[in-house]
1. List the lysines whose Cα lies under 30 Å from the Cα of A:K268, skipping any in the same chain that are fewer than 8 positions away.
2. Mind checking A:136-144 for the average number of partner chain beta-carbons within 10 Å of each residue's beta-carbon?
3. Would you mind checking the tilt of helix A:2-28 against the longest principal axis of the Cα atoms of chain A, expressed as 0 to 90 degrees and rounded to 10?
4. Could you give the radius of gyration (one decimal) and Dmax (whole number) of the Cα atoms in the protein assembly as shown, in Å?
5. If we count other beta carbons within 10 Å of each Cβ, what is the order of B:I159, B:I64, fewest first?
6. Using Cβ contacts closer than 10 Å as the measure, can you line up B:I161, B:I112, B:I208, A:I302 from fewest to most?
7. Taking only Cα atoms, what is the 0 to 90° angle, nearest 10, from helix B:29-46's long axis to the longest principal axis of chain B?
8. Tell me which chymotrypsin sites (Phe, Trp or Tyr not before Pro) from the range B:21-127 have a DSSP coil assignment and no more than 11 other beta carbons within 10 Å of their own.
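Please treat every number below as a calculation from the coordinates, not as lab data. Remember, predicted model here, so these are calculated numbers, not experimental data. Methodologically, a virtual Cβ is constructed for each residue, glycine included, from the backbone with ideal geometry; neighbour enumeration extends over all protein chains shown.
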Amino acid sequence: MQRELLRRLASIIPTLFCVSILIFGLQQLLPGDPAVMLAGEDRDPSVIAYLHQKLHLDQPVAVRYLYWIAGVAHGDLGESVRTQEPVLQLILQKLPVTIELAFLAMAIAIAIGIPAGVLAALSKDGPWDLFANALALWGLSTPNFWLGIMMILLFSVHLGWLPASGYVSPLEDLRANLAAMIMPAFVLGNAIAAVLMRHTRSAMLQVLNADYVRTARAKGLPPWTVIVHHALRNALTPVITLGALEFGTLLSGSVLTEQVFSIPGFGKLVVDAVFNRDYAVIQGVVLFTASAYVLLNLLADIAYLLLNPRLRS
Amino acid sequence: MTSVDTLESSFPVAAPVGQPWYRRILRQKLAFIGLLVVILFLTVALFAPWIAALDPNATHWDAIRHAPDRMYWFGADELGRDVYARVIWGARASLLAGITSVSIALLFGVPIGMAAGLVGGWVDLLIARITDAFLACPFLILAIALAAFLGPSLTNAMIAIGISATPIFVRLTRAQVLQVKVEDYIEAARSVGNSPWRIAWRHVLPNIVAPLLVQSSLAIASAVIAEASLSFLGLGQQPPAPSWGSMLNTAKDYLDQAPWMAIFPGMSIFFLVLAFNLVGDGLRDLFDPRSRS
C-alpha cells in the first residue's frame with residue numbers, strides 16, 4: 001500500500017505543474033498590456049510602471065513564468081490592486097468563514113442525502129424511492145442563488161424568522177451566527193444532498209444484494225442491524241470519499257451564496273475581485289482552490305485505500 | 001456537473017437496436033416530458049418577438065414595480081419594464097449560452113479525447129495531465145476567472161463555460177475510445193487497410209455518440225445554470241439586454257416590494273435545467289438499461 005500511496009503522491013506533481021501553467025496563462029488572456037489592465041480603473045502611470053517591473057513584462061513568457069512560480073513557491077500570490085494587501089493574506093482572512101459555511105452545508109447534505117438514499121434503496125420503485133428521486137432532481141436543477149433569494153423572501157421578508165444577510169462570528173454570538181448561517185448552509189447543502197442521495201441509493205442497492213448481507217439476514221439478525229451495521233457501513237465507503245470530491249461544488253456554490261447573503265467569505269472575495277477587476281486576487285483564488293482540490297482528492301484516495309480492506313492488502 | 005466516472009464505467013459501447021428511437025423515448029415518460037419542455041423553451045426563444053407583445057427594454061414609468069395583472073402577466077420591474085417580455089427574451093440568452101458552450105466543449109473535447117485514446121503513449125499522458133489541471137479548478141470558479149479575464153459579455157461567458165466544460169468531454173471520449181478500439185470490428189477495419197483517420201471518423205466516432213449525447217444534455221443543464229450565475233455576477237449578458245441571471249441580481253434588491261421580479265426568472269431557469277436533466281437521465285436509461293437499477 002505504501003507504494004500505491006507514493007505513486008498517488010507523485011502523480012499530483014505534474015497536475016500541480018499544469019495547474020500553475022493554466023493559471024499563469026489566465027494573465028495572457030488580458031487584451032493589450034497586462035500592466036495597464038492589472039492597474040485597475042485608475043490606471044495610475046506609477047502603478048503601471050511598478051507592475052511592469054514587478055511582473056517582468058519586458059522578459060520572455062517562460063522567464064516570467066519562472067519568476068511567478070518562484071514567488072508562488074514562497075507564498076507570494078501577488079498583491080491586491082485595490083487594498084494593496086498580499087493575496088494569500090486576504091484568502092487566509094476570509095477562509096474561516098467559508099470553511100464554517102462548508103462544514104454546515106456538508107452536515108445538512110449528509111443529514112438529508114444519506115437517509116434519503118437508504119430509504120430510496122430500501123423501497124426501490126416505491127413511493128419513498130420516487131420521493132427521494134424527485135428530491136435529487138430538485139437539488140440538481142435549482143440554481144442555488146435563486147433558492148437563496150426565495151428563502152430570504154419566505155423566512156426573512158414574510159415570516160421574519162431569520163436575518164436576510166450579514167455575518168456574526170461564532171465566537172461573538174453562537175446563536176446569531178447559526179441564525180445567519182442556516183439559510184446559506186441549506187442552500188449550499190441542497191445540491192450536494194442530491195448527489196449524496198443518488199450515490200448512497202446506488203451503493204446500497206449493490207450492497208443489499210451482496211452475499212454477506214444475505215448471510216446476516218439468514219442468521220436472523222434484526223433488519224435494522226443488517227441495514228445499518230452490514231449494508232450501510234460498506235455502502236458508505238465510496239460515499240465518504242465523495243465528500244472530499246464535493247469540495248469543488250462547495251467552493252463554487254459559496255461564490256454565489258455568499259454574494260446573495262452578504263457573507264464576508266472566500267466567495268465574496270472572488271466576486272469583489274471580479275467587480276473591482278482585481279486580477280491578482282482572482283488568479284490567487286483559482287490557484288489556491290485548485291491546489292486545495294488536488295490535495296483533497298489525494299486525501300480522498302488515501303481515505304479510500306485505508307477504509308477498503310481489499311485495497312489495503 | 002455529472003460525475004464523468006459514472007458515465008465512463010456504466011456505458012455500453014453501442015446503442016441498443018430494436019424499436020425506433022422515438023418509440024423508445026416515448027416509453028421514458030419523464031424524459032419525454034423533459035423533451036417537450038425543452039422544445040417549448042426553444043419555440044419561445046425562437047419566436048420571442050411574436051410571443052412577447054411588449055418590448056423587453058421599453059420603460060414604462062407608470063408601471064414601476066407593477067404587480068402581475070392582465071396587462072403585465074409577470075409584473076413589471078424597477079424601471080417599469082415588462083417582466084414577462086424579459087423572461088421570454090431571456091430564454092434566448094440562456095439557450096444560446098447552453099447550446100453554444102456545450103458545442104465548444106464537444107468541438108474541442110471530442111477530438112482531443114479521441115487523440116488521447118487512439119494515439120496513447122506520451123500524447124495520452126500529456127492530455128491526461130492537462131485535463132486533470134482543468135478539472136482541479138471547480139467548474140464555476142474557472143468559468144468566473146476566464147470570463148473575468150476575457151471581459152464581461154455573453155460571448156465571452158459562453159467561451160468561458162465551453163472551455164470549463166471541455167475536460168469532461170475529453171475524459172469521457174477517451175474512456176469510450178479505449179473500450180471501442182479493442183473491438184473486433186475496429187481490428188477488421190484496420191486489417192482491410194483503412195487509414196487511422198478513417199477508422200476514427202467512420203468506425204470509432206459513431207460508436208461513442210450515445211454517452212456523448214447523454215453528457216451533452218446534462219452539460220447543457222449545467223451551462224444554463226453557469227450562464228445565469230455569470231450574468232448574476234455581471235459577467236454574462238450585459239444590461240439592458242434581458243438575461244435570467246441579471247434579472248435575479250436586480251430582483252434581490254426589491255424582494256419586499258416586487259417579489260415577482262425574482263420568482264419568474266428563477267422558475268424559468270429551474271424548469272429549463274430540470275427539463276435537460278430529465279432528458280439526460282432518460283437518454284442514459286435508454287442507452288444503458290443497467291443504469292435504471
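1. Counting by Cα, and skipping residues close in sequence, A:K268 has these lysines nearby: A:K54, A:K94, B:K252.
2. Working: counts 2, 7, 2, 0, 10, 13, 6, 14, 2.
What the average comes to for A:136-144 is 6.
3. The helix A:2-28 is inclined about 40 degrees to chain A.
4. Over the protein assembly as shown's Cα set, Rg and Dmax evaluate to 25.1, 81 Å.
5. Working: B:I159 19, B:I64 15.
Taking fewest neighbouring Cβ atoms as first place, the list is B:I64, B:I159.
6. Values: B:I161 33, B:I112 21, B:I208 24, A:I302 17.
Lowest to highest Cβ neighbour count: A:I302, B:I112, B:I208, B:I161.
7. So the inclination is approximately 60 degrees.
8. Numbers: sites: B:W21, B:Y22, B:F32, B:F41, B:F47, B:W50, B:W61, B:Y72, B:W73, B:F74, B:Y84, B:W89, B:F108, B:W122; in loops: B:F47, B:Y72, B:W73, B:F74.
Answer in residue order: B:F47.
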